[in-house]
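Asker: Below is a structure I'd like to ask you about.
The values are calculated or read from the model by the stated rules, or taken from the named source; none is laboratory data. Keep in mind that what you see is a predicted model, and the values were worked out from it rather than measured. For neighbour counting, all protein chains shown are included, and Cβ atoms are generated from backbone atoms with ideal geometry for every residue, glycine included. Ligands, DNA and RNA are excluded from the accessible area calculation, which covers all protein heavy atoms including side chains. Shrake-Rupley method; radii C 1.70, N 1.55, O 1.52, S 1.80 Å.
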Amino acid sequence: MLPLETAREFVLDRCAARKPERVAVADALGLVTASEITCSEDIPQFANTAMDGFAVRSADVADAPCELRVVETIAAGHAPQVTVGPGEASRIMTGATIPPGADAVVMVERTSMAKPAGTAAGGADNPETVRVEVSVPPGNHVRHAGDDLQAGAHVFGVGTELTAGHLGVLCSLGMTEVEVFGRPRVGVLSTGDELVDDGSPLQPGQIRDSNRRTLLALAHRADVTCVDLGLVRDDPDAIEAAILTGVDSCDAIVTSGGVSMGDFDYVKAVLDRIGDMRWMQVAIKPAKPLAFGTVGDVPVFGLPGNPVSSMVSFELFARPGLRSMMGHPDPIRPTVGATAAEDLPRRVDGKTHFMRVLATPKNGGIEVRSAGGQGSHMLWAMANANALAVVPDSDGVRAGESVDVLLLD
Ligand code: AMP
Ligand code: MG
């Protein structure tokens, strides 16, 4: 049996980052930057107010309370027209430009108007005045130009996964496109004579195809483009045709079933004929068998058929491989430390066990308990789990002991 790390290194070595391409910022969520992003202008570009209130000369309000003559009302998006002179103030709304002459803002809650709010500033014969209750230092509630980013600044480096906040920054910079490593198209295929996927009544010996849905969903969560390659019978010609169709239209293929030692495990025979495959027995439970290799230059992940095994195998091998193709510098999910809230028993068998657990916050840390049955066919417990406890070869973990966990999506 191969150690997990050795098997995964073999996979990652064959999942190089895809070619950089330009995509619309609108389509870039979850993609990874392929070039450095710098800032060509100050953000914000102009000094503006963080509060609704009055733009004042701070020296004028040093002896507050005091009264100032209101010379203008400035809304966000409109340039000030009037310079604030001694004894004067401009009403100003959050985000509006600080007018010339003013150096501070007094929030509206610290003022009172001599006339009801909402009346336009009066003319010379009927001047509107504001009573300012507090003194404020220069710069009070002023957001200066370049506060967030200054022109020329390094913004994001190569290898940055674009999240919601990153996309917002790109928009602030006026960018409509961004250079990223491409999003791979990933084809997902189920194999097995026993499988039914149309909701029709089961004939003796049949089961329903659950893997294709879970694997497509996991692929979706890994931010790739998913392609449903359907369900194929245990027939070598049909399997070959389906894989070749997938290779033509996809950048990677994920299959489930047919890679173990059974008489009708034809995926193995077909992939050996048309691809350059490595058949591995990995020292893990579940998901010991793994077929990985390439057909042409398309990586193919031959995952085991048992529902939990296929999901764990996707998590441990396919997800890191696909994320490596997307240019992620650290494609493997990190483990975090947790405490077992109950015994997590297992047998010594030379393998690392990935136990389905429920992780919850406890006293500033994480505690885990079993999510249910640990059989590789017990998909319900996997569905209820939000983490995999990494239990090294031993007789298990006792309640109160620490254990590493992989937090799932
Ligand atoms: P195999 O790897 O083809 O020997 O399959 C191992 C086990 O997983 C068998 O019990 C299969 O019936 C089951 N299995 C294979 N493919 C699927 C699938 N797509 N959905 C649910 N169970 C499956
Ligand atoms: Mg099968």
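Asker: Rounded to the nearest 5, what % of the DSSP beta bridges within the stretch 314-386 are antiparallel ones?
Answerer: In the stretch 314-386, approximately 75 percent of DSSP beta bridges are antiparallel ones.
Asker: Where does each of 179-185, 66-72 land if you order them by average Cβ count within 10 Å, highest first?
Answerer: So the order, starting with the most tightly packed, is 179-185, 66-72.
Asker: Here is a further query. Keeping all protein chains in place and using 1.4 angstrom, which order do Phe264, Phe354 fall into by accessible surface area, from largest down?
Answerer: Result of the area sort, largest leading: Phe264, Phe354.
Asker: Please give the helix 4-13 orientation as an angle from the longest Cα principal axis of the chain, in degrees from 0 to 90, rounded to the nearest 10.
Answerer: So the inclination is approximately 70 degrees.
Asker: Using only Cα atoms, tell me the angle between helix 211-221 and the longest principal axis of the chain; keep it within 0 to 90° and round to the nearest 10.
Answerer: 30
Asker: Let a ≥ b ≥ c be the square roots of the eigenvalues of the Cα gyration tensor of the stretch 211-258; is it rounded (a/c under 1.5), or, if not, prolate (a/b larger than b/c) or oblate?
Answerer: Oblate, because a/c is 1.5 or more while a/b does not exceed b/c.
Asker: Something else now. Roughly how far apart, in whole Å, are the Cα centres of the stretch 135-189 and the stretch 218-257?
Answerer: 36
Asker: By average Cβ neighbour count within 10 Å, what is the ranking of 321-328, 57-64 from highest down?
Answerer: Highest to lowest by the protection proxy: 321-328, 57-64.
Asker: Can you give me the distance in nm between label points at Val158 and Phe264, each placed 7 Å from the Cα along the Cα-to-Cβ direction?
Answerer: Spacing of the two 7 Å Cα→Cβ label points: 5.0 nm.
Asker: Packing-wise, with mean Cβ within 10 Å as the measure, how do 308-319, 201-212, 232-243 rank, highest first?
Answerer: Values: 308-319: 25.8, 201-212: 13.7, 232-243: 18.4.
For the peptides 308-319, 201-212, 232-243, the packing ranking is 308-319, 232-243, 201-212.
Asker: To the nearest 10 square angstrom, how much accessible area does Thr245 have with a 1.4 angstrom probe?
Answerer: Rounded to the nearest 10, the figure is 80 Å².
Asker: Leaving out ligands, DNA and RNA but keeping every protein chain, what accessible area does Lys351 have, in Å² rounded to the nearest 10, with a 1.4 Å probe?
Answerer: Its heavy atoms expose roughly 40 Å² to the probe.
Asker: Next up: Please give the contour-minus-distance gain from Asp13 to His144: 0.36 nm per residue of separation, less the Cα-Cα distance, rounded to one decimal in nm.
Answerer: 42.4 nm
Asker: Probe 1.4 Å, all protein chains in place: accessible area of Thr73 in Å², nearest 10?
Answerer: About 70 Å², ignoring ligands and nucleic acids.
Asker: If DNA, RNA and ligands are ignored and the probe is 1.4 Å, what is the ranking of Ser40, Ser172 by accessible area, most exposed first?
Answerer: Ser40, Ser172
Asker: Accessible area per residue for the chain in Å², computed with a 1.4 Å probe and the full protein assembly in place, what is it?
Answerer: Accessible surface, normalised per residue, equals 46 Å².
Asker: Check Ala76: other-chain or 5+ apart residues with amide H under 5 Å from its amide H, H built from backbone geometry?
Answerer: Met93, Ala96
Asker: In the chain, what is the count of Lys pairs whose alpha carbons are under 25 Å apart, counting only pairs at least 8 residues apart or on separate chains?
Answerer: 5
Asker: Out of all DSSP beta bridges with both ends in the chain, state the antiparallel percent to the nearest 5.
Answerer: Rounded to the nearest five, the antiparallel share is 70 percent.
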